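**Q** Following this message is one structure expressed as structure tokens.
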Amino acid sequence: MMIKITAFLLIFFTAIAAFCDDNNAAGAISGTVTWSAQTITAVTSLDMAANGIRLPTGRTYAETLLKTRYVNLIQPSLLEIQVDSSSTIGDLVNKGDLTLRQIEALALGANSVAPSLSSDLRRIQATHTISLASISASLLRHSRPIPVTRTLNPVSTAQYTGIIIIATDELPIHGMRSATFAIPCLFPKIWDSEMNLIYERSMLETTNTTMVRYSPAANIFMNNPSGLSADLQAIVGERPLRIFARGVFGIKPTDLIIDRSDALLIISSEENRRLLSEGKVVFILEDTKLVYNINGE
């Protein structure tokens, strides 16, 4: 009986060791998704010893293997990217709107830093940066934009250089008795307080335009005449319309609700409507919602 138990434990721990070796051989990934910078930055690493690779002859093979493993390791993080309030990229793949081959193309389109060796020469790693803007551009399919919403009763309004919507606090969820923080996605919508749709992706004039940029609150309280960081000024200019969001909407809280009076300031003039179609829109969200870590093996 003791011999059988000992044999079982030997097989059990041998299997665990093999599983761990397989994980080491498969490689690992870490990094961040940063919505304010519109980037996914990933560091992939490979244990060369676990893969039976020896230097210096195996360096080229190690780099090739690392690139192959990177595509597999980054895929789960790409599939989790929120596209809009109801869909992730993974949902689009499940519905047949995207293929895994297209996801692979997005991964391979990353800007990469040449692989480097760890100080103990045991591991090799590489850094890849994927642009969220390039992902959103690949998902915009319309050939002609639909007109931005107009109003039959326009109000007098100034001509603005951009639109900033501030949503840093917890906001009421439309149709529910609760509140939450807004979160970023590739294609958020803007609604007014009467639930008229003010802005959505098909209103963009070109597929090369990012629909909305995201930023932390610190970038609208800079010590200069506009109060804006240089990055924000490049998007919304020096005289943007600043609006406080009144609520959030959607299966995920990605869409912002603004007061009807603020919406009228935008849609009452051709110049201000053009700010939407040109993507001169910034959402100011709570800092912790703008970045999250990715990890995996």
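**Q** At a Förster distance of 41 Å, what's the computed FRET efficiency of H142 paired with D231, Cβ-Cβ distance as r, to 0.05? Kindly include the intermediate steps, with their values, before the conclusion.
**A** Working: r = 27 Å, r/R0 = 0.67.
With R0 = 41 Å, the Cβ-Cβ based efficiency is 0.90.
**Q** Further question on the same structure: Compute the label zone of T180 within segment 269-297: residues whose backbone N is under 19 Å from the point 7 Å along Cα-to-Cβ.
**A** 284-293, by backbone N distance to the label point.
**Q** Compute, for segment 164-297, the length of the dipole vector about the Cα centre, with Cβ point charges of +1 (Lys, Arg) and -1 (Asp, Glu) only. Units Debye, rounded to 20.
**A** With Lys and Arg at +1 and Asp and Glu at -1, about 120 debye.
**Q** Once the dipole of the chain is set up with Lys and Arg at +1 and Asp and Glu at -1 on Cβ about the Cα centre, which of H142, N293, S229 lies farthest towards its positive end?
**A** The Cα lying farthest towards the positive end belongs to H142.
**Q** Now, a different point. Restricted to Cα positions, what overall size does segment 244-297 have along the principal axes? Three whole-Å values, descending.
**A** 52, 23, 20
**Q** Just for the chain, what percent of DSSP beta bridges are antiparallel, to the closest 5?
**A** Numbers: 35 of 51 bridges.
If we restrict to bridges inside the chain, about 70 percent are antiparallel.
**Q** Beta carbons within 10 angstrom, averaged per residue: use that to sort the peptides 226-233, 180-187, highest first.
**A** 180-187, 226-233
**Q** Quick one: how many lysine pairs in the chain have C-alpha atoms under 20 angstrom apart, if they're 8 or more apart or on different chains?
**A** Numbers: K95/K252; K189/K252; K189/K280; K189/K289; K252/K289.
Eligible lysine pairs with Cα atoms under 20 Å apart amount to 5.
**Q** Something else about it: Express in nm, to one decimal, how much length is gained between E63 and V291 on full extension, taking 0.36 nm for each residue of separation and deducting their alpha carbon distance.
**A** Values: separation 228, 0.36 × 228 = 82.08 nm, distance 2.88 nm.
Contour length minus the Cα-Cα distance gives 79.2 nm.
**Q** Select from L66, N153, L55 the residue farthest towards the positive end of the dipole of the chain; place +1 on Cβ of Lys and Arg, -1 on Cβ of Asp and Glu, and compute about the Cα centre.
**A** The residue sitting farthest along the positive end of the dipole is L55.
**Q** How far apart, in nanometres, would the label points at L152 and L108 be if each is projected 7 angstrom from Cα along the Cα-to-Cβ direction?
**A** 5.4
**Q** With +1 assigned to the C-beta of every Lys and Arg and -1 to the C-beta of every Asp and Glu, and no other charges, what is the dipole magnitude of the chain about the Cα centre in debye, to the nearest 20?
**A** My answer is approximately 440 debye.
**Q** For the modelled label position 7 Å from the Cα of L121 along Cα-to-Cβ, which residues of segment 41-75 have backbone nitrogen atoms closer than 18 Å?
**A** Only 46-63 pass the distance filter.
**Q** Here's another thing I want to ask about it. Ranked highest first by average number of other Cβ atoms within 10 Å, how do 60-71, 246-257 line up?
**A** 246-257, 60-71
**Q** Sticking with this one: I need the per residue convex hull volume for the chain, using only the alpha carbons, in cubic angstrom as a whole number.
**A** Spelled out: Cα convex hull of the chain, divided by residues, is 196 Å³.
**Q** Would you work out which of I173, P76, T99 lies farthest towards the positive end of the dipole of the chain, given +1 charges on the beta-carbon of Lys and Arg and -1 on that of Asp and Glu, about the Cα centre?
**A** Positive-end residue among those listed: T99.
**Q** Can you put M176, M211 in order of Cβ neighbours within 10 angstrom, beginning with the fewest?
**A** Ordered from fewest to most neighbouring Cβ atoms within 10 Å, M176, M211 come out as M176, M211.
Read the figures in this text as sums done on the coordinates, not as results from a lab. What you see is a predicted model, and the numbers here were worked out from it, not measured in a lab. Here the Cβ is made from the backbone with ideal geometry for all residues, glycine too, and neighbour counts use every protein chain on show.
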